[in-house]
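A short write-up of the structure that comes next.
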Amino acid sequence: MKNARQLSQVWREFEANEVTHSGAHYLLAIGALAREGTPPRAADIARHLGVSRAAVSLQLRILAGHRLVRAAADQRIHLTRAGADLVARIAGKREVVLRLLRDVLGVPAHRAELDACKVEHLLSEETGGALVRLIRFLDSGHPSARSFLEAYRTTNEACPPGERCEFCERECLLRAGEHRR
């Protein structure tokens, strides 16, 4: 029963996120388009995301309700201070997860980008900060960081994707034993 309660708590925390995955994409699109020059209109956002203007209108109402965006008199969409802050935090987490997956773990770039996108807005600030510190350490050139990366890459080469190593077998056996209880 403890596992059911823990799972329930995870879902509650998931639903307490500031924005949905879709909302995060709209905010990131608004930020990216605004950095190109002029703040976007709904049609610009729709083109950028490949969605209908009706979908943009609906999402903008939700984001405006959370005080993350506002529409100016000329119908251009602006991020509020809270919206800009959220975009910066989401983009920062995306970048650090992308770096971890691609540059440290060796996940192919396309897969790393997709997976980073999936988790960017779900990570807590605490976990995002811990990942930033890890990447900062690994980038530091510290002898221990270089040694760690070299040892990881050597170990990783000994366990190619799709093959089962001793660790994989042991973990699968442990998990199978948990399910039989």
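The values are calculated or read from the model by the stated rules, or taken from the named source; none is laboratory data. In this text the structure is predicted, and so the values were computed from the model without any measurement. Backbone-built Cβ (ideal geometry, glycine too); neighbour counts: all protein chains shown.
Hey, does the range 76-89 have a residue that's hydroxyl-bearing (Ser, Thr, Tyr), modelled with pLDDT of 90 or more and within 25 Å of the chain's Cα centre (by Cα)? Yes; the residues of the range 76-89 include at least one that is hydroxyl-bearing (Ser, Thr, Tyr), modelled with pLDDT of 90 or more and within 25 Å of the chain's Cα centre (by Cα).
Of all the criteria given as (1) surrounded by 13 or more Cβ atoms within 10 Å (Cβ to Cβ); (2) closer than 30 Å to Ala130 by Cα; (3) at pLDDT 95 or above, the one not satisfied by Leu49 is (2).
Taking first residues from the range 30-57 that are without any contact (Cβ under 8 Å) to a residue 12 or more places away in the chain and partners that are of a type in the set (Val, Ile, Thr) and surrounded by 14 or more Cβ atoms within 10 Å (Cβ to Cβ), the Cβ contacts under 7 Å between residues at least 6 apart in sequence or on separate chains come to Ala46/Val56.
Output the qualifying pairs, or none if there are none: Cβ atoms under 8 angstrom, residues six or more apart or on different chains, first residue in the range 71-92 and closer than 24 Å to Glu125 by Cα, second residue charged (D, E, K, R) and in a helix (DSSP H, G or I). Close Cβ pairs satisfying both conditions: Arg89/Glu125.
Which numbered condition trips up Val107, out of (1) among the β-branched types (Val, Ile, Thr); (2) under 22 Å from Gly31 (Cβ atoms); (3) under 16 Å from the mean Cα position of the chain (by Cα)? For Val107, the failing item is (2).
So Leu60 fits all but one of (1) under 17 Å from His121 (Cα atoms); (2) surrounded by 15 or more Cβ atoms within 10 Å (Cβ to Cβ); what number is the exception? Leu60 satisfies all of (1) under 17 Å from His121 (Cα atoms); (2) surrounded by 15 or more Cβ atoms within 10 Å (Cβ to Cβ) except (1). Being more than 23 Å from the chain's Cα centre (by Cα), modelled with pLDDT under 90 and of a type in the set (Lys, Arg) is not true of Arg146. Leu122 passes every criterion in (1) assigned by TED's automatic domain parsing to the domain that holds Gly23; (2) assigned to a loop (DSSP other than H, G, I, E, B); (3) touching a residue at least 12 places away in the same chain (Cβ under 8 Å) apart from (1).
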